[in-house]
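The values are calculated or read from the model by the stated rules, or taken from the named source; none is laboratory data. Keep in mind that what you see is a predicted model, and the values were worked out from it rather than measured. No Cβ is skipped: glycine too gets one built from the backbone with ideal geometry, and neighbour counts run over all protein chains shown.
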Amino acid sequence: MAINWNRFVEVIRCHQRFVLVSHIRPDCDALGSELGMASVLRTLSKSVRIVNGQATPPNLAFIDPENQIKVIGQTIQPGELGDTDIVLILDTSAWAQIGPMSDFVRGFSGKKIVLDHHASADDLSAEEFKDVTAEATGSLVVQAAEALNVKLTPEMATPLYAAVATDTGWFRFPSASSSCYRTAAKLIDAGAQPAAIFSTLYEQDTLGRVKLRGLILTRIESEIGGRLAHTHVLQDDFSKTNSLPSDTEDVVNILLAIRGTEFAAIFVEQKDGGFKISFRSRCHVDCAKLAEQFGGGGHKAAAGAFVKGQLADVQRTILVAVRNAMLTDESSKSKV
């Protein structure tokens, strides 16, 4: 359903002091949307603070050169946010995804709104502005700027271009529609430099990141005649390769590059135990619906979840569900 931008504008104009928050394990769409939206709001003379539950990964630090993004309990305390009029949640609609910021958001008695493109959602007691057909929340921020009559600037364009480009797999995913390219063109016209952004994102790997990726790839297992591929990462792997958890970003997409693979999954052990699972699909299996079975969510082609337990147990539980979904999909297609 299309966003009611007139209502969005009304809400924005009626409030002055904003806190922007996005999901834990922040990616470029989360960070870029926050930074772009903050700049839009400041153009309207609003007071804005960006506060996340987890720190920006080092490989994405370029997106925030002025260190605007704070971390709750570390670089800013909840008590410092008492003068907030409105909380704007970007790129997520799930309590679990807000992480350490969830206590503040739950206890906040003022206005809360969501700007998001994910289908999965919890009741955040917030007014939602969602478009699940949008390729990235960054694209929605561009639309928000237009609705608010704010001219895009280079300061907005760089993080928003990174948001859109990365959430579409650098425009190679089916979500990269003609309107997506038009959005990208607007951002380039406003000052975004695609070559420089790409180089910073993908051509500055550390030795540890490359070694970790190699280790992950050696563990790939293939099933169902090559249609399903999965791998895993353990906490010890980060110390062995001198790498970071954020270095696992995008590795799951490499599995889909294997000829014949239709569904991919990666299991990443978390510091406090349990595994974050990322799903990718280029068949009829809906990643979001699969992830929702385990308290997660996302999109049809890409989603994630967190499951407590040891690797063998978590793999067994998840892979049974994946195999059933794929075999059901295969059975359905054979009847068409």
(message) For a quick check of your reading: which strands (runs of 3 or more DSSP E) sit entirely within the stretch 1-99 and have at least 3 residues that are surrounded by fewer than 22 Cβ atoms within 10 Å (Cβ to Cβ)?
(response) 47-52
(request) From (1) crowded, with 19+ Cβ neighbours inside 10 Å; (2) at pLDDT below 95, pick out the condition that doesn't hold for Glu135. (result) (2)
(request) Name, by its number, the condition in (1) modelled with pLDDT of 95 or more; (2) in contact with a His (Cβ under 9 Å, 6 or more places away or on another chain) that does not hold for Ala288. (result) (1)
(message) Under 8 Å between Cβ atoms, which residue pairs at least 6 apart in sequence (or on different chains) link something in the stretch 123-135 that is over 29 Å from Ser177 (Cα atoms) and in the same structural domain as Thr183 (by TED's automatic domain parsing) with a partner that is in a loop (DSSP other than H, G, I, E, B) and of a type outside the set (A, V, I, L, M, F, W, C)?
(response) Leu124/Ser93
(request) Pull up the stretch 142-169, narrow it to residues that are within 17 Å of the chain's Cα centre (by Cα) and small (Gly, Ala, Ser), then point me to the one that is surrounded by the most Cβ atoms within 10 Å (Cβ to Cβ). (result) Ala163
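Conditions tested, residue by residue: (1) of a type outside the set (S, T, N, Q); (2) surrounded by fewer than 16 Cβ atoms within 10 Å (Cβ to Cβ); (3) within 20 Å of Ala55 (Cα to Cα).
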| residue | (1), (2), (3) |
| --- | --- |
| Ala192 | yes, no, no |
| Lys240 | yes, yes, no |
| Val251 | yes, no, no |
| Glu262 | yes, no, no |
| Lys271 | yes, yes, yes |
(message) If I ask for residues that are charged (D, E, K, R) and either more than 23 Å from the chain's Cα centre (by Cα) or not assigned by TED's automatic domain parsing to the domain that holds Ala163 (or both), which ones from the stretch 64-81 would you list?
(response) Glu80
(request) Please state which of the following conditions Gly225 fails to meet, knowing it meets all the rest: (1) surrounded by fewer than 18 Cβ atoms within 10 Å (Cβ to Cβ); (2) under 23 Å from Asp167 (Cα atoms). (result) (2)
